[in-house]
1. What number of residues within segment 122-150 satisfy the criterion of being without any contact (Cβ under 8 Å) to a residue 40 or more places away in the chain, under 26 Å from the mean Cα position of the chain (by Cα) and within 21 Å of VAL225 (Cα to Cα)?
2. Taking the condition of being surrounded by 13 or more Cβ atoms within 10 Å (Cβ to Cβ) and part of a helix (DSSP H, G or I), how many residues in segment 170-188 meet it?
3. So which residues in segment 177-233 are closer than 18 Å to LEU111 by Cα and touching a Ser or Thr at 6+ places or on another chain (Cβ under 8 Å), if there are any at all?
4. Look through segment 189-215, keep the residues that are open to solvent by less than 30 Å² (accessible area, probe 1.4 Å) and not hydrophobic (A, V, I, L, M, F, W, C), and return whichever of them is nearest to PHE101 (Cα to Cα).
5. So how many residues does segment 72-84 have that are of a type in the set (Gly, Ala, Ser), free of Cβ contacts under 8 Å to residues at least 12 places away in the same chain and either assigned to a helix (DSSP H, G or I) or in contact with a strand residue (DSSP E or B) (Cβ under 6 Å, 6 or more places away or on another chain) (or both)?
6. Filter segment 216-241 for residues that are within 13 Å of the chain's Cα centre (by Cα) and open to solvent by less than 30 Å² (accessible area, probe 1.4 Å); which is modelled with the lowest pLDDT?
7. Just checking, how many residues over segment 69-93 are in contact with a helix residue (DSSP H, G or I) (Cβ under 7 Å, 6 or more places away or on another chain), polar (S, T, N, Q) and surrounded by fewer than 14 Cβ atoms within 10 Å (Cβ to Cβ)?
8. Out of PHE197, PHE264, I need the residue that is out of contact with any helix residue (DSSP H, G or I) (no Cβ under 9 Å at 6 or more places or on another chain) and either in a helix (DSSP H, G or I) or hydrophobic (A, V, I, L, M, F, W, C) (or both). Which one?
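The values are calculated or read from the model by the stated rules, or taken from the named source; none is laboratory data. None of these values were measured; they are calculated from a predicted model. Here the Cβ is made from the backbone with ideal geometry for all residues, glycine too, and neighbour counts use every protein chain on show. Just the protein is used for accessible areas: all its heavy atoms, side chains included, with ligands, DNA and RNA removed. Shrake-Rupley method; radii C 1.70, N 1.55, O 1.52, S 1.80 Å.
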Amino acid sequence: MTLSPASETPVTQRDRFVATDHKAHRRRERMIGLALRSVSILCFFLLWYAVSWLNQHVWKLFNPVMLPPPSEVLAAGIELTLSGELPRDIAASLYRVVLGFLMAAALGVGLGTVVGRSRRIEQLLDPPLEMLRPIPPLAFLPVLVLWFGIGEMSKVVFIAYAAFFPIFTTTCEGIKFVDLLLIRAAQTLGASEREIFRHVVVPAAMPSIITGLRVGFAQCLFVIVAAEFLAADSGLGYLINDARSFFLMSHMLLGAAVIGLIGFVFNWGLRRLEARILRWRVDARGPG
């Protein structure tokens, strides 16, 4: 039965007012956050333009070609987009990054979950993994080229190796250190081991897993440039390296900016996914 406004109790009216006020507060916080982020981006570009202009006309501390203004980078982006080079390079890099990231995510989350759940498996696999983790991915790039050739496979495996350890480590730690009170409460209610894992362990470890995925994707972007420096004829790393050969600084900065934009968009997507999956979490920080 639906209550008319006249028949609603004071408690019902108060709850409605509280819910409306909470929605208005969340909307206001989102608008403030969007405004602050927009201002920070605008300030960054204004600072870049100011430093470039002052160096070119006032300070003359270094060759103005070394730091072109944002307008020149934008013009280079439009030129390469119209010629089809920039879309081709973006597609090539995204293909390698996404494939390497998916491979790293599957192995990292899967193996991290198994190791986090079993002390015996951790004792078995921990020594070799800890020996491999400190080795920089660049140390394996020549080896991977010799093993898999100069095609796509060597680049994808190289990217997957770079992203694997952040994802594996955060997943393993998140699974291992689930609050015991949550597990015991579920056991008291008669939950089976499978139900505990599905409804307690995985949700509790999900923040760590998503953090690992975000760091892992950033690692993919870190190493894609190095992977495409070596034996590649397309990709954003190839664009930067080719521009370096001809001293086209605006093209180099364009490649770096596009990589940053891809990372920003993917990180935003993962944060939105995290907020949707983990709706039960509450930000403990104040508005300041």
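1. 7
2. Within segment 170-188, residues that are surrounded by 13 or more Cβ atoms within 10 Å (Cβ to Cβ) and part of a helix (DSSP H, G or I) number 12.
3. ALA205, SER208, ILE209, THR211, GLY212, VAL215
4. GLY212
5. The total comes to 1.
6. If we take residues in segment 216-241 being within 13 Å of the chain's Cα centre (by Cα) and open to solvent by less than 30 Å² (accessible area, probe 1.4 Å), then LEU221 is modelled with the lowest pLDDT.
7. Of the residues in that region, 1 qualify.
8. When all the criteria are applied, what remains is PHE264.
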